[in-house]
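**Student:** Here's a structure for you.
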């Protein structure tokens, strides 16, 4: 792993790599700087504490530190959610946010939720169109009308099914 970077023709920047999971989370959890508190999630958890307890501690601490500035608190929540992905703790993080501050965080306003909801609706529409095409009880126009989707969408899915050998032309 590289530990230096060439800067221009004459300069070289050297640095030491630090494995954050080897560093104790306690100093980060004790910090009065919210950004440092959030970084505790990347560190070695205190003995006897798992991710849910550490996440709860982080959330409670940044809630106190950002009590006067709700926008700053939202920023730190977003940072925590991003960092949680690095440790594959997205579900635990979301659960702790909902448990710790249900009045503050509305999951329905979260961009990831909205995107997932749209994708789920599209998947359901596609499955319904496929099911009706396979039954061959309705015309393409009737399927589009019944499901309130575009005729072009029905035709596109029909082509996909024909190409996949699931439907005969």
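**Student:** Using only Cα atoms and rounding to the nearest 10 degrees, what angle (0 to 90) does helix 151-163 make with the longest principal axis of the chain?
**Tutor:** Roughly 90 degrees between the two axes.
**Student:** Sticking with this one: Any idea what the relative contact order of the range 39-99 is, in percent, if you count C-alpha pairs under 8 Å spaced at least 6 apart?
**Tutor:** For the range 39-99, the relative contact order is 42 percent.
**Student:** What is the calculated FRET efficiency for residue 145 to residue 122, with r their C-beta to C-beta distance and R₀ = 22 Å, to the nearest 0.05?
**Tutor:** Efficiency, from the Cβ-Cβ distance: 0.75.
**Student:** Ranking 153, 134 by Cβ neighbours within 10 Å, fewest first, what do you get?
**Tutor:** Fewest to most other Cβ atoms nearby, the residues stand as 134, 153.
**Student:** With angles folded into 0 to 90 degrees, how steeply does helix 111-135 sit against the dominant principal axis of the chain? Use alpha carbons for both and round to 10.
**Tutor:** 20
**Student:** If you find the alpha carbon centre of the range 94-153 and of the range 29-67, how far apart are they in angstrom?
**Tutor:** 36
**Student:** What spacing in nm lies between the two simple spin-label points modelled at residue 82 and residue 138, each 7 Å away from Cα in the Cβ direction?
**Tutor:** 4.4
**Student:** At 0.36 nm per residue, minus the direct Cα-Cα distance, what do residue 47 and residue 74 gain on full extension? Give it in nm, one decimal, please.
**Tutor:** 6.8 nm
**Student:** With a cut-off of 8 Å between alpha carbons and a minimum separation of six or more residues, what is the relative contact order of the range 1-160 in percent?
**Tutor:** Once normalised by length, the contact order is 13 percent.
**Student:** In the Gaussian network model of the chain, springs joining C-alpha atoms below 10 Å, which of 42, 133, 20 carries the largest mean-square fluctuation?
**Tutor:** The residue that fluctuates most here is 133.
**Student:** Any idea what angle helix 70-86 forms with the longest principal axis of the chain, computed on alpha-carbon atoms, 0 to 90 degrees, nearest 10?
**Tutor:** Relative to the chain, helix 70-86 is tipped by roughly 80 degrees.
**Student:** Right, something else. With r as the distance between the Cβ atoms of residue 31 and residue 3 and R0 = 30 Å, compute the FRET efficiency 1/(1 + (r/R0)^6) and round to 0.05.
**Tutor:** Efficiency for this residue pair is about 0.65.
**Student:** Rounded to the nearest 500, what is the chain's calculated 222 nm mean residue ellipticity when only DSSP H runs of at least 4 contribute -39500 (n - 2.57) each, over all residues?
**Tutor:** So the helix-based figure for the chain works out to -18500 deg cm²/dmol.
Laboratory data are not the source of any read-out in this text; all were calculated from the coordinates shown. None of the values given here were measured: they were computed from a predicted structure. As a convention, Cβ positions derive from the backbone with ideal geometry for all residues, glycine included, and neighbour counts pool all protein chains shown.
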